[in-house]
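Coordinate-derived values only; no laboratory data. These figures come from a predicted structure and were not determined experimentally. All Cβ positions, glycine included, derive from the backbone under ideal geometry; neighbour counts span all protein chains shown.
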Amino acid sequence: MTTTPMPVLEELSAAEALRLMAGVPVGRVVFTEGALPAIRPVHFVLDDGGIVFRIVGAQRLADGLHNTVVAFQTDEYQADRGDGWTVTATGHATRITDQDEIARLARQLPLPWSDRGHMFRIEPELVTGRRLTR
C-alpha cells in the first residue's frame, strides 16, 4: 500500500516570489470599487521591479486605480501533482503617461482588443509567496 506524501507549505522570499511571478502571463489586480473588493484578470509584465499591465475599455476603473493601493496576485497549480505556488504583491498603482515608455512597454504586452487603454505600474511594497509541494 502506498501512502500519499503530506503536503509541505513553504514561505517564499520576495526575490523567489517575483521570479515565479515573471513566469506567468496573466495575473489579477485587486482593487476597491464602490467600497467593495473587486478583481480583474490582466496580462502583465515585470519591468525594472514594477508590475505593468493595461486596462482596456474601463475609464472609470482606470480613474479609480491611479495613485491607489492595490494588490496583484498570480499563481500556478498542477492538479495532477497537487503542487503549486501563489504570489501576492501590494503597492501603489500609477498610470503611465510617458508616451515613449508606453510604446516600449506595449511591445512586451499582448495586443489589446482595442487601441484604447490605460497602462499602469505597481511598485511592490510588500511581496509574499507560498509554495505547496508534495
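Between GLU125 and ASP47, the contour length at 0.36 nm per residue exceeds the alpha carbon distance by 26.6 nm. Between THR32 and ALA106, the modelled labels are 3.3 nm apart [label points 7 Å from Cα along Cα→Cβ].
GLY84 sits among other residues whose Cβ lies under 12 Å from its own Cβ, and their net charge, with Lys and Arg +1 and Asp and Glu -1, is -1.
How high is the relative contact order of the chain, in percent, counting Cα pairs under 8 Å that sit 6 or more residues apart? Relative contact order, the chain: 34 percent.
Once you list every other residue whose beta carbon is under 12 Å from the beta carbon of VAL42, what net charge do they have if Lys and Arg are +1 and Asp and Glu are -1? Working shown, then result.
Working: positive: ARG28, ARG40, ARG54; negative: none.
Counting the neighbours of VAL42, the net charge comes to +3.
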